[in-house]
Amino acid sequence: MEKALSELGHMDELAVQESPVHGMNATAKLLSTVVYILIVMSFDKYDLSGLIPMVLWPVLMYQMSGIPVRTCFYKLRIVLPLVMAVGLFNPFFDREIMLHLGNIGVSGGVISMLTLMLKGVLCLMASFLLVATTPFDSICAALRSMHFPATLTTLLLLTYRYVGVMTEELAVMTDAYHLRAPGQKGIHVSAWGSFLGQLLLRSMDRAQELYASMLLRGYHQHFHYAKHIPFRGSDAIYMALSCLFFILIRFCNVSELIGRLFVR
Amino acid sequence: MIEFENVSFAYEQGAPVIDNLSFTIGDGESVGLIGANGAGKSTIMKLLLGLVSGEGRIAVDGIEVNRDNLGKIRQKLGFVLQNSDNQMFMPTVFEDMMFAPLNYMVSREDAEKRVDEVLERLDLQYLKHKYNHKISGGEKRMAAIATVLAMEPEAVLMDEPTSALDPYNRRVVINTIRGLKQTKIITSHDLDMIMDTCDRVILISKGRIVADGSAEKILRDKALLEANRMELPLSLIHR
């Protein structure tokens, strides 16, 4: 649990590093990420070869930001299997052979499963990159600047903050439980109900105090305090180039073109 | 000036937590609010800050505490929470200290000047760019006080400022409180600290004022303290 808390703190540390990506305007990064995710999601379920070049954008951005890709996979290790599980049953339902790799026939189900997995991984990579290169308050400020409702933005901000609060409470409660239940692995099923209830109540108490502390220091659903990097020409160029790249990959199957260079 | 006039408060249909309370705190006064657990000390703070609302009249510098004036009132009052973890929610101490001034539309440049001044005054420059999750409990408490001072409030309210601190850090906090020029309202069970930092003490029991007078007089009154589930400050017992 301590490790989880430290990892949450590490996300804040990543977001304030210095790199060309960290130095970009938050709105530009947010919009590029949203466009990227939308385009990734728009690929056909059998268009695996068309989707593969979309890997280039996050890989390039990770390189530019100085954040190793493995950090992303490590931090998202709990979510990734869930994303990978999407489409896991496709091979059982869609058995029509769509291509042959040598003598092996590959069914539509396998291709759609791989496409869905790749889509999930790419979306996670892009989202993680945004959060790891932009302080969360700046992301909320960017949302507000795009007229995203104040209540929803505050909700998003507080959810992000409360993850830490809840984890802290969970750590304290788990320690207290194990100190009085030596040799027991995990929390016994009979205690789950009260444990969860207590966790919720304690987290709510702390969350209320935390929110009160924000209100008492002038928080009014605007993000004047967030680190603001003005939108410059370089941000416009970055957005334009990114979107152009996404559109190019979306409507032109680069893998196929490269393949045709070698295979007649 | 802070005024409480016939203030009462109860949670829903329960017994009153605050019962017809009236007192006035003048500018620059240092007041200790003492009382047993559940006496209503923290509720008094919450009422003053507009976090809960009751009956009666509460005013700060003549401005009544109500929904319309909350912004103005809260800008005048800096509140140091008992649990500094709940106060320090930004990634770094610097960002936490900038939070209030920027929200109150102080320019970034001026806010940074304020932060530097406060850190220098409290001798905490070394904390400026530290991550909140990496500093000790004592440092966090000092940083929490610093975040409030960066607001340049007219009065500082503190809820148990010395709880869970080691003797060294406790002394550092006490000295810091003594050095503050603002009006101070401090709730605590640490009566030695109250003795060191406050000129006036208000003793609360069951939501009512039992005694209001000089700290020297009230904190030496063994019978009065014991009747209200408290004890003489340790420094007086061991004399």
| query | Counting only residues that are touching a residue at least 40 places away in the same chain (Cβ under 8 Å) and among the hydrophobic types (A, V, I, L, M, F, W, C), which one in segment B:49-65 is surrounded by the most Cβ atoms within 10 Å (Cβ to Cβ)? | reply | B:Val60
| request: Please specify each residue of segment B:217-239 satisfying the condition of being under 20 Å from the mean Cα position of the chain (by Cα) and of a type outside the set (A, V, I, L, M). | output: B:Pro233
| request: Could you figure out which of (1) modelled with pLDDT of 95 or more; (2) open to solvent by less than 50 Å² (accessible area, probe 1.4 Å) isn't true of B:Asn86? | output: (1)
| query | Considering A:Gln208, A:Gln198, A:Gln221, which residue is among the polar types (S, T, N, Q), on the phi < 0 side of the Ramachandran plot and within 14 Å of chain B (Cβ to nearest Cβ)? | reply | A:Gln208
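Yes/no per residue for (1) within 19 Å of B:Gln87 (Cβ to Cβ); (2) in contact with a Gly (Cβ under 8 Å, 6 or more places away or on another chain); (3) of a type outside the set (Asp, Glu); (4) modelled with pLDDT under 95:
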{"residue": "B:Arg170", "(1), (2), (3), (4)": "yes, no, yes, yes"}
{"residue": "B:Leu203", "(1), (2), (3), (4)": "no, yes, yes, no"}
{"residue": "B:Lys206", "(1), (2), (3), (4)": "no, yes, yes, yes"}
{"residue": "B:Ala211", "(1), (2), (3), (4)": "no, no, yes, no"}
{"residue": "B:Lys217", "(1), (2), (3), (4)": "no, no, yes, no"}
{"residue": "B:Leu224", "(1), (2), (3), (4)": "no, no, yes, no"}
| query | Residues in segment A:231-240: is at least one open to solvent by 50 Å² or more (accessible area, probe 1.4 Å) and either part of a loop (DSSP other than H, G, I, E, B) or within 14 Å of chain B (Cβ to nearest Cβ) (or both)? | reply | yes
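Residues are listed down the side, and each one gets a yes or a no for (1) under 18 Å from the mean Cα position of the chain (by Cα); (2) of a type outside the set (Gly, Ala, Ser); (3) away from every other protein chain (no Cβ under 14 Å):
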site: A:Ala4; (1), (2), (3): yes, no, no
site: A:Leu82; (1), (2), (3): yes, yes, yes
site: A:Phe92; (1), (2), (3): no, yes, yes
site: A:Leu99; (1), (2), (3): no, yes, yes
| said: Need a quick list: strands (runs of 3 or more DSSP E) entirely within segment B:1-109 having at least 3 residues that are farther than 25 Å from B:Gly138 by Cα and more than 9 Å from chain A (Cβ to nearest Cβ). | reply: B:2-10, B:16-25, B:55-60
| said: Restricting to segment B:62-72, name every residue that is modelled with pLDDT under 95 and touching a helix residue (DSSP H, G or I) at 6+ places or on another chain (Cβ under 9 Å). | reply: B:Asn66, B:Leu70
| message | If a residue must be assigned to a helix (DSSP H, G or I) and either of a type in the set (Lys, Arg) or over 17 Å from B:Ala100 (Cβ atoms) (or both), how many such residues does segment A:208-230 contain? | response | 1
| request: Considering each of A:Leu201, A:Leu210, A:Leu244, A:Leu216 in turn, give the residue that is outside the structural domain of A:Leu56 (by TED's automatic domain parsing), open to solvent by 70 Å² or more (accessible area, probe 1.4 Å) and of a type outside the set (D, E, K, R). | output: A:Leu201
| Would it be correct to say that A:Leu14 is over 19 Å from A:Cys243 (Cβ atoms), within 14 Å of another protein chain (Cβ to nearest Cβ) and among the aliphatic types (A, V, I, L, M)? | yes
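Any idea which of B:Lys140, B:Lys46, B:Lys76 is under 21 Å from the mean Cα position of the chain (by Cα), more than 30 Å from B:Val7 (Cβ to Cβ) and surrounded by 17 or more Cβ atoms within 10 Å (Cβ to Cβ)? Talk me through it step by step, then tell me what you get.
On the way: B:Lys46 fails: more than 30 Å from B:Val7 (Cβ to Cβ); B:Lys76 fails: more than 30 Å from B:Val7 (Cβ to Cβ).
After ruling out the rest, the residue left standing is B:Lys140.
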| field | Residue that is surrounded by the fewest Cβ atoms within 10 Å (Cβ to Cβ) [pool: residues in segment B:90-132 that are without any contact (Cβ under 8 Å) to a residue 40 or more places away in the chain and within 20 Å of A:Glu7 (Cα to Cα)] | value | B:His129
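The values are calculated or read from the model by the stated rules, or taken from the named source; none is laboratory data. This structure is a prediction, so every number in the text was calculated from the model and none was measured. Here Cβ is always computed from backbone atoms with ideal geometry, including for glycine, and neighbour counts include all displayed protein chains. What goes into the accessible areas is simple: the full protein's heavy atoms, side chains included, and nothing from ligands, DNA or RNA. Shrake-Rupley method; radii C 1.70, N 1.55, O 1.52, S 1.80 Å.
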